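Trainee: Quick one: the structure is below, and I'll ask about it shortly.
The values are calculated or read from the model by the stated rules, or taken from the named source; none is laboratory data. Here the structure is a predicted model, which means the values were calculated and not measured. Positions of Cβ are generated from backbone atoms using ideal geometry, with glycine treated the same way; all protein chains shown enter the neighbour counts. The accessibility values were calculated without ligands, DNA or RNA, using every heavy atom of the protein model including side chains. Shrake-Rupley method; radii C 1.70, N 1.55, O 1.52, S 1.80 Å.
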Amino acid sequence: MFGAAAQAEPLAYITNQGGDSVSLIDTLSNHVVETLGLPKGSRPAGVAVSRDGGLAAVTNAEGKTLTLIDGHRRVIRQTLPMGDGPVGVAMPSNGGRVYVADWYGHYVSVFDTVGGQVLKRIPVGKSPSGIAVSGDGNKVYVANRDDNSVALIDAAGLEVKRTVAVGRHPFGITLSADGKRLYSANVESNDVSVIDTADMRVVKTVKVGERPYAIALALGGKRIFVTDQYDNAVAVIDGDSLSMVGSVEVGQYPEGIATHPDDRHVYVANWMDNSVSVIDAETLKVVRTIKTGEGSRAFGQFIAGH
């Protein structure tokens, strides 16, 4: 659909929390090509994908497990016990580790995908949710929802180095391509905190819509997209002026959001509509709606190539 930029045909992994499944969307054709079932009561939420698409990791919030998916064969590789409340998940580009935020345990688990074991549980703030990993894999950031803060973890020492206060109830976070800025969607204060990662300082707070949940960047960071759950829309922020410049109507109760490697098409999971909306970042129009499974959440970087 998107021409030469999409020739790699990365998959989008959409966790369907109500349906205990994961929909795999071929982003070239924009059709679901596989649906992987999970044990009843798993309630999958978070998802992360390695850069080459060979590994996807899914957190099962109520199943208290982590599911690893072989992205090339499109099959479940294994499911592992993973704390009391795994929600947010992220991995470095090589997929060598998986970082899992545990909502109830107030820690981040570090899972070694090669050795097949948890290396450490790092104590963080209360109710950790979103996670982001720097491009070089050296820094890990986690949003502590009930502490209204974002923590920086050193990936070498596996310990918290800095913490910064943000808006109320931060949830989804994402990094700029160069790693110099971190953006936090603050659910209760209806805003986005822009953090300078050099000194972990909030440089601006941008008001958006009702109940911002997660964030994605497109067009080289010139546009920032934020899912506003209660507005059934995605807020659009100008990356230079850091001011809200528009809003795009999508499906009901949008949650997870991720950008295609073409840096132009933004995929949005709509919980109540059981669908994914595809936004053209240049025209700010929805160009495709894809039916998925029940309760599509897809919290995290759910498309390979980043």
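Trainee: What is the distance in Å between the Cα centroid of the range 174-223 and that of the range 87-147?
Mentor: 19
Trainee: So how do 101-109, 152-160 stack up, highest first, on mean other-Cβ count within 10 Å? List each step's numbers first, then the result.
Mentor: Numbers: 101-109: 21.0, 152-160: 15.1.
My ranking of the peptides, most packed first, is 101-109, 152-160.
Trainee: With θ set to phi - 60°, apply the Karplus curve 6.51 cos²θ - 1.76 cosθ + 1.60 along the range 210-220 and write out the HN-Hα couplings as whole Hz, x wherever there is a Gly or Pro.
Mentor: Karplus-based 3J(HN,Hα) across the range 210-220 equals 7, 6, x, 10, 8, 9, 9, 10, 8, 6, x Hz.
Trainee: When ranked by the protection proxy of mean other Cβ atoms within 10 Å per residue, highest first, what sequence do the peptides 110-118, 253-261, 166-174 form?
Mentor: Highest mean packing first, the order is 253-261, 166-174, 110-118.
Trainee: Is the C-alpha gyration tensor of the chain telling us rounded, prolate or oblate? Criteria: a/c under 1.5 is rounded; beyond that, a/b larger than b/c is prolate, otherwise oblate.
Mentor: Working: a/c = 1.38, a/b = 1.02, b/c = 1.36.
It comes out rounded by the Cα gyration axes.
Trainee: Put +1 on the Cβ of every Lys and Arg and -1 on every Asp and Glu Cβ in the chain; which of Ala216, His169, Pro92 then has its Cα farthest towards the positive end of the dipole?
Mentor: About the Cα centre, the residue reaching furthest to the positive side is Pro92.
Trainee: Taking a quarter of the surface of the Cα convex hull of the range 63-222, what do you get in nm²? Mind showing how you got there, number by number?
Mentor: Values: hull surface 38.6 nm².
Dividing the Cα hull surface by four gives the mean projection, 9.6 nm².
Trainee: With each pseudo-label sitting 7 Å past Cα toward Cβ, what's the Leu80-Ser241 distance in nm, one decimal?
Mentor: 4.7
Trainee: Kirkwood hydrodynamic radius, computed over distinct alpha-carbon pairs, for the range 210-267: how many Å, to one decimal? Intermediate results must be reported in sequence, preceding the final value.
Mentor: Values: mean 1/r = 0.0897 Å⁻¹.
For the range 210-267, the Kirkwood estimate is 11.1 Å.
Trainee: Whenever you get a sec, compute what percent of the accessible area on the chain sits on carbon and sulfur atoms (1.4 Å probe).
Mentor: Values: 5210 of 11670 Å².
In the chain, the share of accessible area belonging to carbon and sulfur is 45 percent.
Trainee: Please give the peptides 130-139, 182-191 ranked by average Cβ packing (other Cβ atoms within 10 Å per residue), highest first, as a rough proxy for protection.
Mentor: Details: 130-139: 19.5, 182-191: 23.3.
Averaged packing, sorted descending, gives the order 182-191, 130-139.
Trainee: Once you compute Rg and the Kirkwood Rh from C-alpha atoms, what is the Rg to Rh ratio for the range 129-276?
Mentor: In the range 129-276, Rg relative to Rh is 0.95.
Trainee: Treating the Cα atoms of the range 1-123 as identical point scatterers in vacuum, please give the log10 of the normalised Debye intensity I(q)/I(0) at q = 0.17, 0.22 Å⁻¹, two decimals.
Mentor: -0.80, -1.24
Trainee: Based on the Kirkwood radius over alpha-carbon pairs, what value in µm²/s does the Stokes-Einstein equation return for the translational diffusion coefficient of the range 74-169 at 10 °C and 1.306 mPa s? It would help to have the intermediate numbers written out before the result.
Mentor: Details: Rh = 13.3 Å.
Here the translational diffusion coefficient equals 119 µm²/s.
Trainee: Heavy-atom accessible area per residue, the chain, 1.4 Å probe: how many Å²? Numbers along the way, then the final one.
Mentor: Numbers: 11670 Å² over 306 residues.
Value for the chain: 38 Å² per residue.
Trainee: Rounded to the nearest 10 Å², what accessible area does Thr292 show when all protein chains are kept and the probe is 1.4 Å?
Mentor: In the full protein context, Thr292 sits at about 30 Å².
Trainee: If you don't mind, another one. For the pairs Lys139/Lys180; Lys222/Lys285; Lys64/Lys139; Lys139/Lys161; Lys126/Lys161, note any where the Cα-Cα span goes beyond 19 Å. Kindly include the intermediate steps, with their values, before the conclusion.
Mentor: Details: Lys139/Lys180 12 Å; Lys222/Lys285 16 Å; Lys64/Lys139 25 Å; Lys139/Lys161 10 Å; Lys126/Lys161 16 Å.
Violating the 19 Å Cα-Cα cut-off are Lys64/Lys139.
Trainee: Just to be sure I understand the model, the point goes 7 Å from the Cα along the line to the Cβ. What's the resulting Ser29 to Lys120 distance in nm?
Mentor: Inter-label distance under the simple model: 4.5 nm.
Trainee: What do you get for trypsin sites (Lys or Arg not before Pro) in the range 219-306 restricted to DSSP loop and a cutoff of at most 15 other Cβ within 10 Å of the site's Cβ? Kindly include the intermediate steps, with their values, before the conclusion.
Mentor: Details: sites: Lys222, Arg223, Arg264, Lys285, Arg288, Lys291, Arg297; in loops: Lys222, Arg264, Arg297.
When the trypsin sites (Lys or Arg not before Pro) of the range 219-306 are filtered for loop state and at most 15 Cβ neighbours within 10 Å, Lys222 remain.
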